[in-house]
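So the structure is just underneath, and the comments pick up after that.
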Amino acid sequence: MSFKGGTSSEGSTDSAATKKSSKKPKYSKFTQQELPACKPILTPGWVITTFIAVGIVFIPIGLASLFASEHVVEIVHRYDEDCVPSDYSDNALAYIQSTETNKTCKRSITVPKQMKSPVYIYYELDNFYQNHRRYVKSRSDKQLRSKASESDTKDCDPEAVSKNGPIVPCGLIAWSLFNDTYRFSVNNSILEVSKKEIAWKSDQQYKFGSDVYPKNFQSEGLIGGAKLNESIPLSEQVDLIVWMRTAALPTFRKLYGKIEVDLEANDEISVVIQNNYNTYSFDGKKKLVLSTTSWIGGKNDFLGVAYLTVGGLCLFLAISFMLIYVFKPR
Amino acid sequence: MNSDEPLLPSSQGPHTRVASSSCLRANSSSSSANLDDALCDIDLRVADRVSVGDRDTSNSFDHSKQQFNSAESHFFRQFLLECPAPKGRRLVSWGTMELQHEYKSSAFEISRAPSRVQEKLNKSQRLRHRSGQLDDNRLNQLNPRLIYVDDPRKTNDKFEFTGNEIRTSKYTLITFLPKNLFIQFHRVAYLYFLAIVCLNQLPPLAVFGRTVSLFPLLFVLCVTAIKDGYEDWRRHRSDRNENNREALVLQAGQFRMKKWKKIRVGEVVKILADETIPCDVVLLGTSDPSGLAYIQTMNLDGESNLKTRFARQETAATVSEGGIILGLIRCEQPNRNIYEFTANMEFKGQRFSLSQSNIILRGCQLKNTDWVIGVVVYAGQETKAMLNSAASPSKRSRLESYMNRETLWLSVFLFVMCAVVALGMGLWLQRHHDELDILPYYRKRYFTRGEDNGKPFKYYGIPMETFFSFLSSIIVFQIMIPISLYITMEVVRLGQSYFMIEDRHLYDSLSGSRFQCRSLNINEDLGQIRYIFSDKTGTLTENKMEFRRASVFGKNYGASLTAADPSQDVKLSGTAGRKRWKLKSETAVDSELMEILHKTLDGDERITAHEFFLTLAACNTVIPMLNISPPSGNELSEGVEAIEYQGESPDELALVSTASAYGYTLCERTSGHIVIDVNGEKLRLDVLGLHEFDSVRKRMSVVIKFPNGSVKVLVKGADTSILSILDEDTIRGNHLKCATQGHLKEYSSEGLRTLVVAARDLSDAELEEWQSRYEDASTSLTDRATKLRQTAALIECNLNLLGATAIEDKLQEGVPETIESLRQAGIKVWVLTGDKQETAISIGLSCKLLTTDMQQIIINGNSEEQCRSLLANAKARYGVKGANRKSPNFERKMSADTNYCEIPDDANVSYMPRRHLQKEEAPTCSSLALIIDGNSLLFDLATSCRVVICCRVAPLQKAGIVDLIKSRTDDMTLAIGDGANDVSMIQMADVGVGICGQEGRQAVMASDFAMGQFRFLKKLLLVHGHWNYQRVGYLVLYNFYRNAVFVLMLFILCAAFSTTSALTDWSSVFYAVIYTSVPTIFVGILDKDLSHRTLLQYPKLYGAGHRQESYNLHLFWITMIDTLWQSLVLFYIPVYIYKESTIDIWSMGSLWTIAVVILVNVHLAMDIHRWVFMTHAAVWGSIVITYACMVVLDSIPVFPNYWTIYHLALSPTYWLTICLIIIVALLPRFLLKAVQQTFWPSDIQIAREAEILRERPDYLGLRADQGSG
């Protein structure tokens, strides 16, 4: 956009000419539509300047974010298929639904580059429509917030009430809480997984009540996912809080925890996974992600590439316009 | 010069015309009136039959009607054969005028237009009926209203008449809510809203929160209801004030005060000077012994001059003697025609007529009369003033109808999108059918151990789910149909009207009248006008008459008229030693004529001159008002009485003042007599009867009894109407007639308005016959006008020609310049006038409508054949395309040398053939084809002319001509006029403009816009019209874009087709209402692409409206493609950036909300031509407000989106994403704009650059010379 500053003060030549009649509209620059104004026009100069300006701003940003993205070390490890024992490989669903099968699964990951702490641990689900209308609405924020509205479960069907009373937390979202767990060790020493500050502070403080305790949760019928410790208030159930921030897209990551030590390159991390969560029924993938962050967040080349492309395109356009203007002026 | 010579078309034209019409009158007198009005179609006549509806005369007419019906069916048969596919061609015709003939085949024209004309005129005809007086007459005949004077109880024994309480309010406390809602839901938009809200209340469809979805509708309804309620409260208050006013009512023999609301029909009221009349009152007596009363009808029709009303002599005498009046009045049922009243009264065994001059209407004020006594005939809601308070029919703007077409397209999109979503949903359900029970995000069944176990949960089977999905996607995408656009447009038009009203250049300081916007719907049509139909008198000219020339006894006076020379005046009057009357306006006198008048009364010339001025002074309806001024020191004014004339016709005023200047001063007028001061000598003349001017006779006459007992008829009227009824036996008469005709031609070629004056003595026998007929006619309740006309014909014959007058009607200021500019702007100006051909041409020349380099085509035939051949010749000569010839070069040449066409003297081709038809016993197909052919010939020729002047057109013909253009082209028409005769034209045209002039306010009442002077049209069209068109055109496109970009973005998001909205409910609701609406309104009101100076300097810039540059289908599609691109960018950039991230749905929604709001606002900012501080405030302000709203919404813990914005704002990615979205989304648009403005600049763009660069010449110093656009 190019704005050419410039005011037009169109003179009031006849303002005092006739004031004999009161019916005559009074003169003001507003009513006569003569207010001082800025009238931008697109001259070639401004077009070229705009393009160059966009190019000059965008290319450095693009470079910076690409650079930042390059510095992020990210390990993605898919385990849902590999963690099904070979005798169940044709019938993963039976394996996951059975209560008798051993769900423990050991994997090892190699760290490609040094990872500075904190290293964030995410689980990534695929093909899980947390944004489905039936799902997103299936929660009761009032109930989560205070004990007094415990029975406020009108949106929570079909997970609203059990025979013992209202389910806390109610709704499909809570019901389907992710319940795989990970334990990490490097060189046989256990890596502590910190759950501190993985949920939004605001959520913990105001959205999830400290006096609300889980009740009747996963107690009957179909079990959807993790059970909650009934002695811990909701405000401390960070996994639940994270899970309840439903994802925007069908492929999403959720923060599982943090590792507060640096990981060196070529370290072998062994992970003990409790493969409990049923994504097999809808062909969902499960991945474990370890990642560092930068100022643009996780690993994300798209932003940098897009900025570079747009900036380059603008410069190219600026040059083309300049050439056209030189060779074929109006 | 011999009158037989066919040298002068005009002198011959009237003869034939009058002859034919009088021949018609012979067999059907009432239809002759209609005939004159009749227009270019057959059906009109059939419709007219109803209104004529006169039993004794309708026989012949019915006969002819049958002929027409059969002719019509013939015609339709033919039409089917000739025109297989007329529809397609019509679309092409809105290209440039010069080329349009090529696309039209004559067959097409033949077939389509007349039927459309029929339809339209039928409609207008029906409209006329509703208010038509003729129906009422008949009704009245069957069921008159009986009023017993001073006996309200007997009058109203059946309780059928309303009291005098009025109620203009619409609601009471109880009815307010239901009635107001009912009225509000007449808008389709609201019904759509309501349907959506209702859908949203259904459990399976609840997409938005239920209360949230109600919010916008409730908001709109509440605002409107509060507005309506307030207005109604004010009406209640004013009604109460009005009803509680008091008037003197005769109660038990005495006049006592009584509240207005208690006044009943039949009561006798007394009204004092300067009081307002409480109801419609028939005058019984006044303070004036002759029964005269003056009223001001300002509140009723806006005319400020005083009007006279009379009490009948019979009752007035009784009243003045203090007697009590008991009688019976039979009057018509209440109707809304304020210019007519028919009734009669039985009083003391006598029966006499009452007419419009005997009634004073509610709302008028009594002036110059001490008191009047009258009997109430209509009260309260039944008064004519109340019945008249209805609005004129509303019009719809062209752009809006196009907009509706595009809205239909959007509905199609909407439907398709919903269908896709539903289909997707269906397929998805099908594919996942087995998993639905356990899918954590679907769960179609309960798995509890309770009673619900196994029951389906909100699941109704795949077909139903698909259907519900369709419905719920309608709810989600509802915003696609821009409902808010209608409200926005109303607000914007209101703002535009405000600026038009406040424009000082549209203020007429002479009459003190501001510009008025009477219709708020068609502002933008002002920017697309292609044809202007203008009335001449009062519109192009000032309608302030000045007496210029006179022809008395075959001699021409006033050629060397000196401007009023007071010294000479004084000298003359001094020598005559007569008493001087002081007039408001001095008139210049011709000394030669003056001298003749001061000779002794002797000789033909002297007598003729005497009678001439006597007629001028006597034969009119002007009222003299004496103001005896106290003698001042000035010797001139010593003993001088100032006299002021009040009259409805400015012509008459001019004539009377002229007569006074020549020594014939009208100084008193009552219903029975007039007093004329002839050179100081008072002459009392008894007025035996007066035939008022009407448009059929085109003359008025008065029967005068001189003190010596002789009786004379004095007549004045249009030359055509008088010259044919002269006494032509004598040689002297013939000679006189020729000489006068010569003068008349001379006068009219100078652009003067002419009137012919004639008189004759009446013999006793004639007088007697006339008197009896006159009495009969004037007391009749039915067809009084017709009977009076017949009576008038008795005495208006064999007249002696006295002379002719010529009055100058000055051109209004700035008319030539305005017409010149309008022409440059590509607007065709047609002048439709009732004047003669010569007058019209001369006015045309003087106002630069016609220029010497134009080729003139004059079509002036008296018969159908002649007209046809003239038209065909003209067509051939100037190469106007009729049928299939195609030669663009030729066409261009033709349009280069502007020619004009003249259709004078009833040569309105469409009209002529019909008259033939009427005469022929069995009309054949071929003759019908001729009509149509003639019509299309006229159309072809006329549309290819720059200027068309139609002379001698009747009011309804004016409307017919407008309709001809309106129905056959897609061009916008504007009609401008000031008089009652222009009303039909003003209502017919797309835009009607009324001039607040001298001829009353009917035109203004019927118009869409009203202003003081013709020259304002230039600024109105070229500046305001242009701006409004640009603004509204952009506004509509932008609104489509704004809503669609929002919808398309949501569309893509469909998570497993479940129509989830990532945006919070409130954000979705606020989007169109709060986040983005204000800037569009401001831009719609305030944006200006060019300054008014540039627009006025280069009228050609107006062509942008003709070419529909601001709004067309092409632009719509480009906008939609742009919208699609922008919404794709809007959706995919965040999706790719946040792919495989932890982002939650509300953060994403928040990002989208902000991004879309900023995007549409920046988009708007990019297109704003002119930034004033308010635009800045609105555009940037709404982004700030959006943020503020988001912050507020995210600070409420019960919403799941709690605290989202704070988290987002901390992340640089968020800001970078928004920035990237804006740039990428707008890049194509910016590029397109830049390329277009650099390489294919439009006129407006060039003018704009020139304008801005001129203001700052130092800037680049380059292209300042490009502004010659």
Between the stretch A:255-298 and the stretch B:1029-1096, the alpha-carbon center distance in angstrom: 44
Carbon plus sulfur fraction of accessible area for the stretch A:73-292, probe 1.4 Å, in percent: 45
Unsatisfied cross-links (Cα-Cα over 28 Å) in the set B:Lys536/B:Lys1088; A:Lys201/B:Lys444; A:Lys227/B:Lys444; A:Lys137/B:Lys1139; A:Lys147/A:Lys227: B:Lys536/B:Lys1088; A:Lys201/B:Lys444
Angle between chain A longest axis and helix A:301-327 axis [Cα atoms, degrees, rounded to 10]: 20
Relative contact order, percent, the stretch A:73-292 [alpha-carbon distance under 8 Å, six or more residues apart]: 41
Of the trypsin sites (Lys or Arg not before Pro) in the stretch A:204-275, those whose Cβ has at most 16 other Cβ within 10 Å and which sit in DSSP loop: A:Lys227
Residues with amide H under 5 Å from that of B:Leu726, placed H, sequence gap 5 or more: B:Leu799
Residue-averaged [θ]222 nm for chain A, counting only DSSP H segments that reach four residues, each worth -39500 (n - 2.57): -7500 deg cm²/dmol
In Hz, Karplus ³J(HN,Hα) per residue of the stretch B:411-416 (6.51, -1.76, 1.60; θ = phi - 60°; x = Gly, Pro): 4, 4, 4, 4, 4, 4
Highest-first arrangement of B:1238-1249, A:317-328, where packing means the average Cβ count within 10 Å: B:1238-1249, A:317-328
Separation between Cα centres of the stretch B:246-291 and the stretch B:306-383, rounded to whole Å: 11
Stretchable slack from B:Glu644 to B:Ser1195, in nm (0.36 nm times residue separation minus alpha-carbon distance): 190.7 nm
A:Glu197-A:Glu70 pseudo-label distance in nm [points 7 Å out on the Cα-to-Cβ vector]: 2.9
Residue-normalised accessible area of the stretch A:73-292, expressed per residue, 1.4 Å probe, Å²: 42
Per-residue mean of C-beta atoms belonging to partner chains within 10 Å, peptide A:249-255: 5
Cβ neighbours within 10 Å from other chains - mean over B:1227-1234: 4
For B:Leu1020, solvent-accessible area (1.4 Å; no DNA, RNA or ligand), Å²: 0
Accessible surface buried upon B-A contact (total; probe 1.4 Å; Å², nearest 100): 9400
Cysteines, chain A, no other Cys beta-carbon under 4.7 Å: A:Cys38, A:Cys314
Local net charge near B:Leu366, Cβ-Cβ under 10 Å (Lys/Arg +1, Asp/Glu -1): -1
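Calculate, for A:Val57 and B:Asn521, the FRET efficiency according to 1/(1 + (r/R0)^6) with r their C-beta to C-beta distance and R0 30 Å; round to the nearest 0.05. Display every interim value, and only then the final one.
Values: r = 47 Å, r/R0 = 1.55.
For A:Val57 and B:Asn521, the calculated efficiency is 0.05.
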Cα lying deepest toward the dipole's positive end in the stretch A:73-292, options A:Asn102, A:Ala199, A:Val261, charges on Cβ: A:Ala199
Too-long pairs where the Cα-Cα distance tops 27 Å, listed order kept, from B:Lys712/B:Lys737; B:Lys1100/B:Lys1233; B:Lys716/B:Lys828; B:Lys261/B:Lys787; B:Lys154/B:Lys261: B:Lys716/B:Lys828; B:Lys261/B:Lys787
Burial ranking of peptide ranges B:1192-1205, A:87-100, B:456-469 (average Cβ count within 10 Å, highest at the top): B:1192-1205, B:456-469, A:87-100
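Which of the pairs B:Lys848/B:Lys1018; B:Lys745/B:Lys848; A:Lys103/A:Lys258 have their Cα atoms more than 25 Å apart in this structure? Walk me through the intermediate numbers first.
Details: B:Lys848/B:Lys1018 15 Å; B:Lys745/B:Lys848 21 Å; A:Lys103/A:Lys258 23 Å.
In this structure, not one pair exceeds 25 Å between Cα atoms.
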Net charge over other residues, Cβ less than 14 angstrom from the Cβ of A:Val72 (K, R count +1; D, E count -1): 0
Residues whose placed amide H lies under 5 Å from that of B:Gly672, excluding near-sequence neighbours: none
Under Karplus coefficients 6.51, -1.76 and 1.60, residue-wise ³J(HN,Hα) of the stretch B:361-376 in Hz, glycine/proline x: 9, 3, x, 7, 10, 7, 10, 6, 10, 5, 7, 9, 10, x, 10, 6
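The values are calculated or read from the model by the stated rules, or taken from the named source; none is laboratory data. All values derive from a computational prediction rather than experimental measurement. Note: ideal-geometry Cβ built from the backbone for every residue, glycine included; neighbour counts use all protein chains shown. Surface areas here come from the heavy atoms of the whole protein model, side chains and all, with no ligands, DNA or RNA. Shrake-Rupley method; radii C 1.70, N 1.55, O 1.52, S 1.80 Å.
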